[in-house]
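Asks: Sharing a structure with you now.
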Amino acid sequence: MDCDLLVKNGRVVSAEGIDAADVAVKDGRVAALLAPHVRDGVRAAQVLDAEGRLVMPGAIDVHAHLNDPGFTWREDFAHGTAAAAAGGVTTVVDMPLQNEPALTDAAIFARKFEAVRDEALVDYAFWGGLTGDNLDEMRALHDAGVTAFKVFLGPVSPDYRTLTLGVVREALEVASSFGGLVGFHAEDYSIIRHEEERAVWEGRTGRIDFLRSRPVEAERIAVAGVIELARATGARVHICHVSHPRVAELIRGAQAEGLPVTAETCTHYLVFDETDVLERGMLFKCAPPLRDAAAREALWDYVVDGTLACVASDHSPCAPREKDEGEGAFKAWGGISGIQSLMSVFFDRAVHRRGLSPSLVAARLSEGPARIFGLWERKGAVRPGADADLVILDPDREWRITEDSLQYLNRISAFVGLEGRGVPETVLVRGQVVWGGGAVRVSPGYGELVRRRTP
Ligand SMILES: [Zn+2]
C-alpha cells in the first residue's frame with residue numbers, strides 16, 4: 001500500500017474505544033487503520049511517530065464567534081483559526097452574529113465566505129442567523145450549507161434580534177419542512193430585562209447583581225418553551241451552552257420522550273463557578289452566567305450520560321477595554337475566549353481529574369458535534385474515508401495557559417493561569433500538519449468551508 005502519510009505507533013481514540021493502530025493517510029483522508037504488525041507493507045511519503053501519544057479525532061467547536069467580517073477588533077478568522085489549530089480544533093462552526101451584517105441570507109453567506117476564505121487555517125462551517133424577518137430565506141441558507149440556525153430568546157447585542165416564541169414556532173414549522181436544525185440561546189427575555197432594569201434603577205450594578213439578573217429559572221423557562229415547540233412542530237432543536245444541571249434535566253426528559261432535542265455545554269461551565277465572577281471579575285462574565293460549584297459538578301453527569309452531546313467553547317472574545325467594570329457589571333462585555341483551550345482543558349478535567357476515558361473526549365468534542373451538525377461522516381472520527389483531521393496528543397505533558405501562549409487577537413481569557421495535563425502537540429487538517437512544534441504550519445487560506453452534509 002502507498003500512502004502520503006503514516007501516523008505510526010499511536011493509540012487511536014474513538015467514541016467507542018482506544019486501539020493501537022497506525023493511521024494511513026492518502027489524499028487528505030484516512031485510507032486505513034492498520035494493526036501495528038500490518039504496517040510493514042506500507043510505503044509512506046511522510047511518517048509521524050506517535051509513540052506514547054493518543055491520536056484523537058480533531059475537535060469540532062460548534063459554538064464560536066470569530067467576529068469576521070464586522071467586529072474584527074475583537075477577533076478575526078486568521079487569529080481565531082490559529083488559536084483553533086493550536087488547541088486541536090480542526091473545524092470551527094462560526095456563529096452568524098457579531099458579524100456585519102449578520103448571516104441571514106444566502107447572499108450574505110457567499111460574501112462571508114469570500115471575506116474569510118483567504119484567512120482560515122483550519123476548516124470551518126457557518127451557522128445561519130434567524131432574526132424574525134428572514135424566515136423565507138431559511139431554505140436557501142440550508143441549501144447553501146449552514147449547519148443550523150441560531151435563535152436568541154434572551155437579550156442580545158444590537159447587531160442581532162431577540163425572537164418571541166411566536167416567531168420561533170413559525171420558524172420551527174419552516175425548519176421541520178426540510179429537516180433543518182435550530183439552535184437556541186435559551187434564557188427568558190422578560191425575566192432578565194426586568195431584573196436588569198430593577199437592579200439599575202436601584203443602583204445595584206455589581207457582580208452579584210449581574211449574576212442574580214440571570215437566574216436558572218430564566219434558562220429553564222426558555223428551554224421548556226423550546227421543547228414544547230419541538231414537540232408541536234417536530235423540528236430538530238439544539239440548546240446551546242447549558243449552564244446548569246436543572247436545565248440539563250429538562251433536556252434529558254425531552255430526550256427520554258424521543259423528542260429531537262440535542263444540547264451542548266461549554267468548558268467554562270465545567271471548570272469555573274460564580275465565585276470566579278465574584279472574586280476575579282469580568283473575564284468570567286458570560287451568559288448564561290457561571291453557576292454555583294455544586295451545579296458545576298453535577299453538570300458533568302449530563303456530559304457523561306450524553307444528554308449534553310457536545311462540549312463547545314462559545315469562544316466570545318472582546319477587546320480588553322470592553323471588559324472594563326467602571327460603569328458596572330451590566331455594561332462589561334459578556335463572553336469568554338476559549339477555543340484554544342477547549343480540548344486541553346476538557347481532556348485534563350475529564351481524563352486526569354475525573355478518571356474518564358479519552359473516548360468521552362472524542363465523543364463530546366468530535367463525534368457528537370459532527371453527527372448533530374451534519375458534518376458526519378466526513379468529520380468527527382478517525383475512520384477510513386473520513387478527512388484526516390487528527391490531533392496527536394501527549395496525555396501526560398503538562399500545560400499552563402499564559403497570555404503569551406494565546407493565539408487570539410486579544411490575548412485575554414478566563415482560562416489564563418489554569419494548569420493541567422494533555423497537550424495537542426501536532427494537529428492535522430485533511431492530512432496536513434497545521435500546528436506542530438508550537439507554531440502554525442500552513443498558510444492562511446488552507447482551511448476549507450465545510451457545508452452541512454446531512455439533514
Ligand atoms: Zn455564543
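Asks: Might you let me know whether the range 308-327 holds any residue that is over 16 Å from the mean Cα position of the chain (by Cα), outside the structural domain of residue 253 (by TED's automatic domain parsing) and small (Gly, Ala, Ser)?
Replies: No - not one qualifying residue is present in the range 308-327.
Asks: Within the range 103-120, track down each residue that is touching an Asp or Glu at 6+ places or on another chain (Cβ under 6 Å) and open to solvent by less than 10 Å² (accessible area, probe 1.4 Å). Step through it out loud before you land on a result.
Replies: From the range 103-120, those touching an Asp or Glu at 6+ places or on another chain (Cβ under 6 Å) are 105, 116; that's our starting set.
Hit for the range 103-120 is 116, nothing else.
Asks: While we're looking at this one, here's another question. Among the candidates 329, 363, single out the residue that is open to solvent by less than 10 Å² (accessible area, probe 1.4 Å) and either under 23 Å from residue 241 (Cα atoms) or in a helix (DSSP H, G or I) (or both).
Replies: 329
Asks: While we're on this one: Output the residue which, of all residues in the range 176-199 that are within 22 Å of the chain's Cα centre (by Cα) and under 25 Å from residue 374 (Cα atoms), is farthest from the ligand (Cβ to nearest atom).
Replies: Going through the qualifying residues, I end up with 179.
Asks: State which residue is nearest to the ligand (Cβ to nearest atom) when the search covers only the range 146-175 and only residues that are within 15 Å of residue 103 (Cβ to Cβ) and basic (Lys, Arg).
Replies: Here the residue is 150.
Asks: Exactly one condition in (1) within 16 Å of the ligand (Cβ to nearest atom); (2) part of a helix (DSSP H, G or I); (3) open to solvent by less than 30 Å² (accessible area, probe 1.4 Å) is not met by residue 295; state its number.
Replies: Checking residue 295 against (1) within 16 Å of the ligand (Cβ to nearest atom); (2) part of a helix (DSSP H, G or I); (3) open to solvent by less than 30 Å² (accessible area, probe 1.4 Å), the one that fails is (1).
Asks: Something else: For the range 355-367, state whether one or more residues are hydrophobic (A, V, I, L, M, F, W, C), modelled with pLDDT of 95 or more, farther than 26 Å from residue 21 by Cβ and out of contact with any Pro (no Cβ under 8 Å at 6 or more places or on another chain).
Replies: No; the residues of the range 355-367 include none that is hydrophobic (A, V, I, L, M, F, W, C), modelled with pLDDT of 95 or more, farther than 26 Å from residue 21 by Cβ and out of contact with any Pro (no Cβ under 8 Å at 6 or more places or on another chain).
Asks: If you check 78, 85, which single one turns out to be more than 16 Å from the ligand (Cβ to nearest atom), open to solvent by 10 Å² or more (accessible area, probe 1.4 Å) and either in the same structural domain as residue 429 (by TED's automatic domain parsing) or more than 22 Å from residue 286 (Cα to Cα) (or both)?
Replies: 78
Asks: Just to be sure I understand the filter: pairs with C-beta atoms under 7 Å, separated by 6 or more residues or on different chains, first member in the range 326-354 and under 13 Å from residue 399 (Cβ atoms), second member away from the ligand (no atom under 16 Å from the Cβ) and modelled with pLDDT under 95. Which pairs pass?
Replies: Pairs found: none.
Asks: For the range 206-258, how many residues meet the condition of being of a type outside the set (A, V, I, L, M), touching a helix residue (DSSP H, G or I) at 6+ places or on another chain (Cβ under 8 Å) and within 16 Å of the ligand (Cβ to nearest atom)?
Replies: 5
Asks: Restricted to the range 54-70, and to residues that are more than 13 Å from the ligand (Cβ to nearest atom) and of a type in the set (A, V, I, L, M, F, W, C), which residue is nearest to residue 100 (Cα to Cα)?
Replies: Per the criteria, the residue is 60.
Asks: What are the pairs, 6+ residues apart or on separate chains, where a residue within the range 411-423 that is in a strand (DSSP E or B) has its Cβ under 6 Å from a residue that is surrounded by fewer than 18 Cβ atoms within 10 Å (Cβ to Cβ)?
Replies: 419/400; 421/352; 421/396; 421/398; 423/394; 423/397
Asks: I've got another one for you. Restricting attention to the range 121-143, does a residue exist that is within 16 Å of the ligand (Cβ to nearest atom), more than 30 Å from residue 9 (Cα to Cα) and open to solvent by 10 Å² or more (accessible area, probe 1.4 Å)?
Replies: Checking the range 121-143: at least one residue is within 16 Å of the ligand (Cβ to nearest atom), more than 30 Å from residue 9 (Cα to Cα) and open to solvent by 10 Å² or more (accessible area, probe 1.4 Å).
Asks: Can I ask one more? Any residue in the range 176-192 that is open to solvent by 50 Å² or more (accessible area, probe 1.4 Å) and of a type in the set (D, E, K, R)?
Replies: no
The values are calculated or read from the model by the stated rules, or taken from the named source; none is laboratory data. Note that the structure is a prediction, hence the values are computed from the model and not measured. Please note: Cβ atoms are built from the backbone with ideal geometry, for glycine as well, and neighbour counts cover all protein chains shown. In case anyone asks, the SASA skips ligands and DNA or RNA and just uses the protein heavy atoms, side chains included. Shrake-Rupley method; radii C 1.70, N 1.55, O 1.52, S 1.80 Å.
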